[in-house]
1. Is the range 69-77 home to any residue that is more than 20 Å from the chain's Cα centre (by Cα) and either outside the structural domain of Ala185 (by TED's automatic domain parsing) or modelled with pLDDT under 95 (or both)?
2. So, in the range 257-300, how many residues would count as being among the small types (Gly, Ala, Ser) and buried (at least 18 other Cβ atoms within 10 Å of the Cβ)?
3. Within the range 192-220, work out how many residues are within 16 Å of ligand 2 (Cβ to nearest atom), of a type in the set (Lys, Arg) and open to solvent by 20 Å² or more (accessible area, probe 1.4 Å).
4. Quick one: in the range 88-118, which of the residues that are under 17 Å from Gly143 (Cα atoms) and among the polar types (S, T, N, Q) is farthest from ligand 1 (Cβ to nearest atom)?
5. Can you name the residue in the range 100-133 that is part of a strand (DSSP E or B) and touching a Gly at 6+ places or on another chain (Cβ under 7 Å) and, of all such residues, is surrounded by the most Cβ atoms within 10 Å (Cβ to Cβ)?
6. Please count how many residues of the range 220-262 are among the acidic types (Asp, Glu) and assigned to a loop (DSSP other than H, G, I, E, B).
7. Listed residues Ala281, Ala268; which is touching a helix residue (DSSP H, G or I) at 6+ places or on another chain (Cβ under 7 Å), under 20 Å from Pro101 (Cβ atoms) and away from ligand 1 (no atom under 16 Å from the Cβ)?
8. Going by the conditions given, is Ser157 within 13 Å of ligand 2 (Cβ to nearest atom), of a type in the set (S, T, N, Q) and in contact (Cβ under 8 Å) with a residue 12 or more places away in the chain?
Amino acid sequence: MIVNMSERATDQEITHIIERIREAGYQPHVTRGVERTIVAAVGNGRRHEIEALQVAPGVETVVPIAQPFKLVSRQVKPERSVVNVGGVAIGGLGVVVIAGPCSVESREQLLSTAQAVKRAGATMLRGGAYKPRTSPYDFQGLGIEALKILREARDESGLPVVTEVMSTEDVDIICEHAEMLQVGARNMQNFALLRRLATINKPVLLKRGPSATVKEWLLAAEYLLAGGNNQVVLCERGIKTFETEMRNTLDLAAVALARDLSHLPVIADPSHGTGKQSLIAAVSRAAVAVGADGLMIEVHPCPERALSDGPQSLDFAGFEKVMRAIASPLRGVAVSAAPAEVA
Ligand code: PEP
Ligand code: MN
């Protein structure tokens, strides 16, 4: 349930509502907006006691939260959230580009990539240390050695780092080395991992599961917020469909939908979303057009030698081209009016 306070509600009245929500067996979550305060009653309590708050002083309306996800929803927090990752704001004005190799393979590979993507305009670095591979015989990542290389690359380039966490056991060590932790698509519903990540003081990048509905994805994010971590960025990385020409089908409408339903920033990953180098520029432009707050793009010094995801990785020149394509989405077409704002 949501208790919408009136514009003139006093601090005392708000505090009273918070106490009454607790008494009714719910957890109160307060969102102080520019104009008014919203107090959400989340959990499993005595609903009629919240409904009765309709007549409490300072209350404008009491309404049910329409969706199963609560703290993630825009009903609870209408203003968009901005997530700060080591000084880079995701969800504010502008599009954040996170670039780097699928896997950290060596010091030289990562340091040269960090410099190249920075030069081209990326503002965050990615690189896998613990890799979720379909086959147990494929390269599994360099683990702690990769984390150290990532930190060196961050120190040298100044680009904040995001890397994937696959297990609760690795959370502490990754927190020591990276600015943001990625939950990979295959772990979107690893609830033990989500519960653990809810307790850390680092932002989390939550990828959509290959077969997850938007509702399931947002409910996975709800685990993080309900457990106390509201620094969450969603990432659409493609879903399984009948199409076989592409590795996945990047669900661009889901980017727009997630931004409609949730206040959390949403980015798109055209690399895993298509599996094809040749499509990254076009699909990146499309993602920006539907309102993506950022892009995650795989870049490798020599894609043909990559230990994972070579076919979808861009080389340095290819990445520069994509950055130029994103910078000029109108491709030289002059417009007299400002483009419509994407809410
Ligand atoms: C990755 O980012 O390298 C990765 C494994 O992504 P996903 O979880 O989306 O497959
Ligand atoms: Mn990859």
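The values are calculated or read from the model by the stated rules, or taken from the named source; none is laboratory data. Keep in mind that what you see is a predicted model, and the values were worked out from it rather than measured. Here the Cβ is made from the backbone with ideal geometry for all residues, glycine too, and neighbour counts use every protein chain on show. Calculation scope for accessible area: heavy atoms of the full protein, side chains included, ligands and nucleic acids excluded. Shrake-Rupley method; radii C 1.70, N 1.55, O 1.52, S 1.80 Å.
1. No - not one qualifying residue is present in the range 69-77.
2. Within the range 257-300, the subset among the small types (Gly, Ala, Ser) is 258, 262, 268, 271, 273, 275, 278, 281-282, 284, 286-287, 289, 291-292, 294.
Now restrict to residues that are buried (at least 18 other Cβ atoms within 10 Å of the Cβ): 258, 262, 268, 271, 273, 281, 284, 287, 291-292, 294.
Counting residues in the range 257-300 that are among the small types (Gly, Ala, Ser) and buried (at least 18 other Cβ atoms within 10 Å of the Cβ) gives 11.
3. The total comes to 0.
4. Ser106
5. So, considering only residues that are part of a strand (DSSP E or B) and touching a Gly at 6+ places or on another chain (Cβ under 7 Å), the one surrounded by the most Cβ atoms within 10 Å (Cβ to Cβ) is Gly100.
6. 3
7. Ala281
8. No, not satisfied.
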